Amino acid sequence: MVVSIGHVNEAERTLKDLRLIRIVAFADFALLVPLVVAAIVNEEGVVGILGPIHGVGLLLLLFLCVRGVVQDRWGWWFRVIVVVTLGPPGSLIGEHRIRRRLGAVDRAV
């Protein structure tokens, strides 16, 4: 569906939203890996710092996914997979699935 002049079409808006989700997911994943390692080796100081930062990233991912559901860009499954996988992995899986459905995997940035 094409909207008025000066606006991008719905597919382009969806791709823009997915690009933002991908950026946030990669940044959050970069924090999640050392957080898990620090938790395994019982580094409470590192966990105390990285844990809340990852929490903010997770909340941002959930917000972006729910916003996409509300805007009818994708279904409820996206937010569920984000919660089940603790954020980044599910976000990246959902992002890739939607891009593939839009036929835009080759245009991924």
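Could you give me the residue pairs with C-beta distances under 6 Å whose first residue belongs to segment 12-38 and is of a type in the set (D, E, K, R), whose second residue is crowded, with 16+ Cβ neighbours inside 10 Å wherever it lies, and which are 6+ apart or on separate chains?
Qualifying pairs under 6 Å: ASP17/GLY68; ARG22/GLU95; ASP28/GLY57; ASP28/GLY87; ASP28/PRO88.
Considering only segment 44-109, give the helices (runs of 4 or more DSSP H) lying wholly within it that have at least 1 residues that are more than 24 Å from ASN9 (Cβ to Cβ), of a type outside the set (A, V, I, L, M) and touching a residue at least 24 places away in the same chain (Cβ under 8 Å). Before you say what the answer is, go through the steps one by one.
Details: elements: 44-70, 77-84, 88-102.
Correct list: 44-70, 88-102.
Is it the case that segment 65-86 has a residue that's of a type in the set (Gly, Ala, Ser) and either at pLDDT 95 or above or within 15 Å of the chain's Cα centre (by Cα) (or both)?
First, the residues of segment 65-86 that are of a type in the set (Gly, Ala, Ser): 68, 75.
Retained after the next criterion (residues that are either at pLDDT 95 or above or within 15 Å of the chain's Cα centre (by Cα) (or both)): 68, 75.
So far as segment 65-86 goes, yes, one or more of its residues are of a type in the set (Gly, Ala, Ser) and either at pLDDT 95 or above or within 15 Å of the chain's Cα centre (by Cα) (or both).
Scan segment 44-65 for residues that are over 15 Å from LEU92 (Cα atoms) and in contact with a Lys or Arg (Cβ under 7 Å, 6 or more places away or on another chain) and report the count.
The qualifying residues number 0.
Which members of segment 50-71 meet the condition of being surrounded by 14 or more Cβ atoms within 10 Å (Cβ to Cβ) and among the aliphatic types (A, V, I, L, M)?
LEU50, ILE53, LEU58, LEU60, LEU61, LEU62, LEU64, VAL66, VAL69
Of the residues in segment 5-44, how many are among the β-branched types (Val, Ile, Thr) and within 26 Å of ILE98 (Cα to Cα)?
7
The values are calculated or read from the model by the stated rules, or taken from the named source; none is laboratory data. Computed from a predicted structure; not experimentally measured. FYI the Cβ positions are ideal-geometry reconstructions off the backbone, even for glycines, and counts take in every protein chain you see.
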